[in-house]
Structure formats: structure tokens, C-alpha cells
Amino acid sequence: MPAMQSSEGLTWASRAAGPARGVPLVRALLAQLAAGLVVATYMDLVSRPPVHPLLVEGIAAAVMGQALRLPYWWLPINAAFIPAAVSLRGLSISPVWFLAAFAALLIVFWSTYRTRVPLYLSSGRACERLAQLIPPDGSARFLDLGCGFGGVMLALRRLRPKLRMAGLEVAPLPSWLARMRLRGDVCSAVHRKDFWEEDFSGYDVVYAFLSPEPMERLWRKVRAQMRPGTLFISNSFVVPDVAPDLTLPLSHSGARALYVWRVRG
């Protein structure tokens, strides 16, 4: 069972909850509809608009998205969506290219629209910090939720050669590449599987680098399935209203950190 280790730079602390949770697709649509009403009103009231309507639409959509408490990374999407769509209409681009772009995004990001979890890649510093929490004797079992291209598992294999690991990834291309990168490693396995369907009870350390959206529900799953004394570790995103037992900074500014919870009975 993993021991909570202490070293320079590891501080016990709590952290404020991340950005507000929401339903991004619905709220983004509402932001665009509201921005359309703003533009219609603007064009009706101003006979010779000093500012281009597309610019007004982009700004209004971005502001409305934030007012609806969308995650911060939706701001540029809302701002650019309609202006980009209108601009592309004037270009002679074959529809095949749009289909190809959609297919490429689909195999990389898959169901991000539903899970609201972008593809984040853990840094080398994060992997080093993770290794500090895992005993080197190979007694722990490690689970990476949304393992992406397998970078964390590869790094931990170098830092903890005896560690038994499993990675879960639903996106087709990342999961395939992760399996290819870890082929031949008999102590590691990558599965194309939604982590909500996985039983956490067999793992000593569960690691997540997801987004603010699923953290509250994920914590309920952790509490229900993980054994007392095991560790749940989140990169950058906290569990709302639940102070971490340990905070491991990943940068001098403290903008990124690993948040660690020891599961209690």
C-alpha cells in the first residue's frame, strides 16, 4: 500500500474549488443565440455600424459564455465560431477537407463533447511527483484515468520499474498509440474503456488529469470503491469542497499542482 511521503516542496494545504460545473454544449448554444440577438439589436439601432457585426457577435458570444459559467477554454471557441464559419464560406474549400478534419478530431478526442474532458498531457515534473508517492518495491497497483498516449505510464515505468499499471482511454487513436508504446511491458495494460465502467477497488493509486467537470462525481466513485489507505491523485483540478490531504506544486508559481487524497473508511 502506498505511503504518503514528505519532501522539500510538498505542502499540506487546501485549494479552492475549480471553475463552475455546467453543460457546455447547451450553454455554448445559448451564448451563440444570445449573441445573435445582440447583433440583431445592434444592426437595428445603428444605421452605419462603426464596428463590424461579426466582431460584435464574437465578443457578445464570449461574454455570454462566461456569464453562463462555461469553462474558460470555451471563451475563444465562442468568440471565433460564427466569424470563422462566415469567413470559411468565402473560401473554395472542398467539403472533403472538412470531413477529414472532423474524422481526425473524432479519433483523437472522441467523446469530449459528452465527458467534457479535454486531452491533457502530464508533464515530466508531474510524473516525478507521482513517483514520490509510489513505493519502489512494486507492491502498488496504479491506474491512469484517461491515459492519453501513455506518457505517464512510460515515465513511471522508468521511475518505478516494478510498478503494475493500467491505463484507460476511450479515444481510438490515443489508446492505440498508448498500447503500441507499452507493447511488451508485461506489467502494464492499456484498455479502450470508459473509466466510469472500471472498478477502482483493485488499485492502490488512481491518477486523473481531467477537468473540473467530472470531479465531484469521480470523488463519489473513489469513496465508494477505493479501499481505505489508498490514494486518489488529481493533476490541477480539485474535488469541490473537499480539501486535499497533500498538495505537490508542479511550478514555482503554484498554478499547477498534484492534489492528493488518502481514502478513509
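Summed over region 182-220, the residues that are charged (D, E, K, R) and open to solvent by 40 Å² or more (accessible area, probe 1.4 Å) give a count of 8. Checked against (1) more than 18 Å from A126 (Cβ to Cβ); (2) in a strand (DSSP E or B), G167 passes all but a single condition, namely (1).
Open to solvent by less than 50 Å² (accessible area, probe 1.4 Å) and either of a type outside the set (K, R) or at pLDDT 65 or above (or both): does that describe G22? Yes: the conditions hold for G22.
Looking only at residues in region 33-42 that are under 28 Å from the mean Cα position of the chain (by Cα) and within 9 Å of A60 (Cβ to Cβ), the one that is least open to solvent (accessible area, probe 1.4 Å) is A35.
The values are calculated or read from the model by the stated rules, or taken from the named source; none is laboratory data. Predicted model only: the values in this text are computed from it and were never measured. Here the Cβ is made from the backbone with ideal geometry for all residues, glycine too, and neighbour counts use every protein chain on show. Remember, those area values only see protein heavy atoms, side chains included, never the ligands or the DNA or RNA. Shrake-Rupley method; radii C 1.70, N 1.55, O 1.52, S 1.80 Å.
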